[in-house]
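A.B. asks: Handing you this structure, nothing more for now.
The values are calculated or read from the model by the stated rules, or taken from the named source; none is laboratory data. Remember, predicted model here, so these are calculated numbers, not experimental data. Glycine gets a Cβ as well: all are built from the backbone with ideal geometry, and neighbour counts include every protein chain shown. Accessible surface is based on the protein model in full, side chains and every heavy atom, while ligands, DNA and RNA are left aside. Shrake-Rupley method; radii C 1.70, N 1.55, O 1.52, S 1.80 Å.
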Amino acid sequence: MDQPLLEEPAGSQGCFLHSIIMSLFPVLTWLPRYKLRWLKMDLLAGLTVGLTTVPQALAYAEVAGLPVQYGLYSAFMGGFIYTLLGTSKDITLGPTAIMSLLCFPVVEGQPSRAVLLTLLTGIIQAAMALLRLGFLLDFISFPVIKGFTCAAAVTIGFGQVKNILGLKGIPHDFFLEVYYTFHRIPEARVGDVVLGLLCVSLLLMLLFMKSSLPSEDDPLQPKCSRVARNLVWTIATIRNALVVVAATLVAFSWDAFGHQVFTITGDAPTGLPPFRPPPTSAVTANGTVVSFGEIVKSFGEGLAVIPLMGLLESIAIARAFASQNDYRINANQELLAIGMTNFMGSFVSAYPVTGSFGRTAVNSQSGVCTPAGGIVTSAIVLLSLAFLMPAFYYIPKACLAAVIICAVAPMVDLRVVPHMWRIRKVDLLPFTVTFLMSFWQIQYGIMGGVAVSGVLLLYNTARPQIKVCDDGVLVMELSSGLSFPAAGHLSHVLHSQALQVSPPRSVLLDCHHVSTIDYSVVCELRDLLRQFRLREVELVFSRLQPSVLEVLLAADLQGFRHTDGVEAAHGLQ
């Protein structure tokens, strides 16, 4: 996007205030230069994404264990807030399969708990943005992310099989769900099975047609073919909405003739959600009042996992599309945007949202030019809430299940396994731990994978590789940094290779990879220098970086000697 021409305020104080406002509201960097041709593309993209958002929002509410209208309540605030605060032109915020799955065990099917969770999630995310804590997300490695998304996709997809079969009363625990789904297959409703399989087949066919289309920029493509291509692309892009509408008409037709063949969504309240503060307490069925503190305590680790995974998913998507479309995003500003979306969403009965990869891809492919496309998407969701809720009564659950299954199926990407095996086999450990533990509890999978990745990271820090070269004198090259966990390992290598042999040998320690050093390492080096002097051999440091050399000189180590090159090794005894 072109950079707007904004008048700079006079005075240093004015410039400082201006920079703060511009950083908090990125909309000011593109709105003054908004072009009419951008409006056309934003309207088209917003409309296309909106037609995708409505059926997905209804379906994902089912994954979260909430009434379908809460999916739509969660789908419109992001478009307005992100337009003001976001730095990516492509990303769309709203309900997602993974976030819905994470929320399911925490909200326990109670909308009031979901809304309060949204408020707290937004506060945590916004606080992280203001404290510039976005770097914490860097500690969640790619194998953990892939293990989590693969397991989540399997869990979500299989969780919808019961709706394809028309079964009720299936437990939500994954292993029990697998057992009882297969055990009760003979009870499946024929109508739901036929409709669900037809919807899945139609969605896959449209997806295949879209992936098989020739490039729009192909100069050899006739004009009539381009028109046909654009028509097929549009139909395939809004395939979720088309399939849901068709299935709803089928269900309505059968019901009009008195045949209730399908399991349908049922009643959903018409109209926009009231704008009100989230509830801070709850009342149980027997009249017991549950306080705010008790509710928050019952959220458990979900109160940490949900905000972090929401940020991770959203920023990962924003970075991917920013790289693809050649622009930059501000990670901490993205944290603020999603945090404020959840915070404000809690006032309209939303459950926690994050960036959607599928809808963001649709947005980008539709040629969106600015974040304003989200306003159009949000307007479509609001219109659906205001006027179309009675029609949602007849939406078959098997159809929504088909939409979810087809949406999450591409997330099961096991092609990364052979890649990790070839590049670094040990990365399969956090991937496997995350994948397997996620079937027990999704949050335990994430925490287990992060813990394993942390152990591997600490191990690499504590055991840096030391390259030993024997050319008359021992030359040892540290292949990475030197910090206190590695001090003992360095001491062990020097003792075993130089001091405990007969006769003892001098060592030239090549430290050109060492950029920092701490007090624990200095203490260990002081002891090593003493041990070398006692055995009448030398420990010489080579190619020290200026910052490290300054620290060692300030430590006043007895017998400390350094040189600028490894050629000094030939002068050692």
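A.B. asks: Give me a comma-separated list of calculated 3J(HN,Hα) values for the stretch 426-439, in order, Karplus coefficients 6.51, -1.76, 1.60 applied at θ = phi - 60°, integers in Hz, x for any Gly or Pro.
C.D. replies: Result, ordered by residue: 5, 5, 5, 5, x, 4, 5, 4, 4, 4, 6, 5, 5, 6 Hz.
A.B. asks: Give, as a single signed number, the net charge of other residues whose beta carbon lies under 11 Å from the beta carbon of Gly166, with Lys and Arg counted +1 and Asp and Glu -1.
C.D. replies: Every neighbour counted, the sum reads +3.
A.B. asks: Taking only protein heavy atoms and a 1.4 Å probe, what accessible area per residue, in Å², does the stretch 458-550 have with all protein chains in place?
C.D. replies: So the stretch 458-550 comes to 51 Å² accessible per residue, rounded to a whole number.
A.B. asks: Using Cα positions and a limit of under 30 Å, work out the lysines in reach of Lys425, with same-chain residues fewer than 8 apart set aside.
C.D. replies: Hits, sequence-local ones excluded: Lys146, Lys467.
A.B. asks: Skipping prolines and chain starts, which residues have an amide H placed within reach, meaning under 5 Å, of the one on Phe541, given they are 5 or more residues away or on another chain?
C.D. replies: For Phe541, the qualifying residues are Leu509, Arg561, His562, Thr563.
A.B. asks: Would you list which aspartates and glutamates come within 20 Å of Lys162, measuring only between C-alpha atoms, while excluding same-chain residues fewer than 8 positions from it?
C.D. replies: Glu62, Glu108, Asp173, Glu177, Glu187, Asp192
A.B. asks: Kirkwood hydrodynamic radius for the stretch 411-455: how many Å is it when counted over pairs of different Cα atoms? Kindly include the intermediate steps, with their values, before the conclusion.
C.D. replies: Values: mean 1/r = 0.0934 Å⁻¹.
The Cα-based Kirkwood calculation yields 10.7 Å.
A.B. asks: How about the stretch 242-340: which trypsin sites (Lys or Arg not before Pro) there are in a DSSP loop, with at most 15 other Cβ atoms within 10 Å of their Cβ?
C.D. replies: Arg328
A.B. asks: Ratio to report: Rg/Rh of the stretch 438-573, with Cα atoms as the point set and Rh obtained by the Kirkwood method; give two decimals. It would help to have the intermediate numbers written out before the result.
C.D. replies: Working: Rg = 17.8 Å, Rh = 16.1 Å.
That ratio is 1.10, to two decimals.
A.B. asks: In the stretch 349-454, what chymotrypsin sites (Phe, Trp or Tyr not before Pro) fall in a loop by DSSP, with at most 16 other Cβ atoms inside 10 Å?
C.D. replies: Qualifying residues, ordered by number: Trp440.
A.B. asks: May I pose another question? What is the antiparallel percent of DSSP beta bridges lying wholly in the chain, to the nearest 5? Don't skip to the answer; put the middle values down first.
C.D. replies: Working: 10 of 20 bridges.
Here the share of antiparallel DSSP bridges comes out near 50 percent.
A.B. asks: Right, something else. What's log10 of I(q)/I(0) for the stretch 445-512 at q = 0.12, 0.17, 0.18 Å⁻¹, Debye sum over Cα points only, no solvent?
C.D. replies: Results for the stretch 445-512 at q = 0.12, 0.17, 0.18 Å⁻¹ read -0.40, -0.66, -0.71.
A.B. asks: Right, another one. If you line up the long axis of helix 546-555 against the longest principal axis of the chain, both from Cα atoms, how many degrees apart are they, to the nearest 10?
C.D. replies: The angle comes out near 50 degrees.
A.B. asks: Of all the accessible heavy-atom surface of the stretch 127-281, with the other protein chains kept in place and a 1.4 Å probe, what percent is carbon and sulfur?
C.D. replies: Values: 6210 of 8960 Å².
The nonpolar share, carbon plus sulfur, comes to 69 percent.
A.B. asks: Can you compute 3J(HN,Hα) from phi for each residue in the stretch 176-187, using the Karplus curve 6.51 cos²θ - 1.76 cosθ + 1.60 with θ = phi - 60°, rounded to whole Hz and x for Gly and Pro?
C.D. replies: Along the stretch 176-187, the couplings run 5, 4, 4, 4, 6, 5, 5, 5, 9, 4, x, 8 Hz.
A.B. asks: Arranged from highest to lowest average of other beta-carbon atoms within 10 Å per residue, in what order do the peptides 181-190, 63-72, 538-547 appear? Please list the in-between numbers first.
C.D. replies: Details: 181-190: 12.7, 63-72: 24.5, 538-547: 18.3.
The packing order, highest mean first, is 63-72, 538-547, 181-190.
A.B. asks: Considering only protein heavy atoms, what per residue accessible area in square angstrom results for the stretch 155-199 with a 1.4 angstrom probe?
C.D. replies: 53
A.B. asks: Would you compute, from DSSP H runs of 4+ residues alone, the mean residue ellipticity of the chain at 222 nm, taking -39500 (n - 2.57) per run and dividing by the full residue count, rounded to the nearest 500?
C.D. replies: -18500 deg cm²/dmol
A.B. asks: If the stretch 307-464 were replaced by its equivalent ellipsoid, with semi-axes equal to the square roots of 5 times the Cα gyration tensor eigenvalues, what would those be, largest first, whole Å?
C.D. replies: 34, 21, 17
A.B. asks: Taking a quarter of the surface of the Cα convex hull of the stretch 263-344, what do you get in nm²?
C.D. replies: It is 9.8 nm².
A.B. asks: Right, here's the next one. Pull up all non-local amide H partners of Thr354: gap of 5 or more, or a different chain, and H-to-H distance under 5 Å with H placed in the peptide plane.
C.D. replies: Residues meeting the criterion, in which the H sits 1.01 Å from N, are Gly94, Thr96.
A.B. asks: Right, here's the next one. Show me, bin by bin at 5 Å from 0, the whole-percent P(r) of the stretch 238-387 based on Cα pairs.
C.D. replies: With a bin width of 5 Å, the distribution comes to 2, 7, 10, 15, 15, 14, 13, 11, 8, 4, 1, 0.
A.B. asks: Report the Rg/Rh value for the stretch 160-305, based on alpha-carbon coordinates and the Kirkwood definition of Rh.
C.D. replies: Using Cα coordinates only, the ratio equals 1.12.
A.B. asks: Still on this structure, I have one more. Send over the per residue convex hull volume for the stretch 38-146, Cα only, as a whole number of Å³.
C.D. replies: Each residue corresponds to 130 Å³ of Cα convex hull volume.
A.B. asks: Mind listing P(r) for the stretch 91-175? All alpha-carbon pairs, 10 Å bins, whole percents.
C.D. replies: Computed distribution, short to long bins: 13, 34, 38, 12, 3.
A.B. asks: Per residue, how big is the convex hull of the chain when only Cα atoms are used? Give it in Å³.
C.D. replies: With only Cα atoms used, the chain gives 238 Å³ per residue.
A.B. asks: Going by alpha carbons, how many degrees (0 to 90, nearest 10) lie between the helix axis of 36-63 and the longest principal axis of the chain?
C.D. replies: The answer is roughly 90 degrees.
A.B. asks: Give me the angle, in degrees from 0 to 90, between the Cα long axis of helix 223-237 and the longest principal axis of the Cα atoms of the chain, rounded to the nearest 10.
C.D. replies: 90
A.B. asks: Of all GluC sites (Glu not before Pro) in the stretch 265-358, which ones are in loop regions per DSSP and have a Cβ with at most 16 other Cβ atoms within 10 Å?
C.D. replies: Glu301
A.B. asks: Residue by residue, what Karplus-based ³J(HN,Hα) values in Hz, rounded to whole numbers, does the stretch 23-31 have, using 6.51, -1.76 and 1.60 with θ = phi - 60° and x for Gly and Pro?
C.D. replies: Along the stretch 23-31, the couplings run 6, 7, 10, x, 4, 6, 8, 10, 5 Hz.
A.B. asks: If you count, for each residue, the other Cβ atoms within 10 Å and average over each peptide, how do 498-506, 514-522 line up from highest to lowest?
C.D. replies: By packing density, highest mean first, the sequence is 514-522, 498-506.
A.B. asks: Between Val501 and Phe182, with labels modelled 7 Å along Cα→Cβ, what's the label distance in nm to one decimal, could you check?
C.D. replies: 6.0
A.B. asks: Could you list log10 I(q)/I(0) for the stretch 332-378 at q = 0.16, 0.26 Å⁻¹, which the Debye formula gives when each Cα is one point scatterer?
C.D. replies: One equal scatterer on each Cα of the stretch 332-378 leads to -0.53, -1.12.
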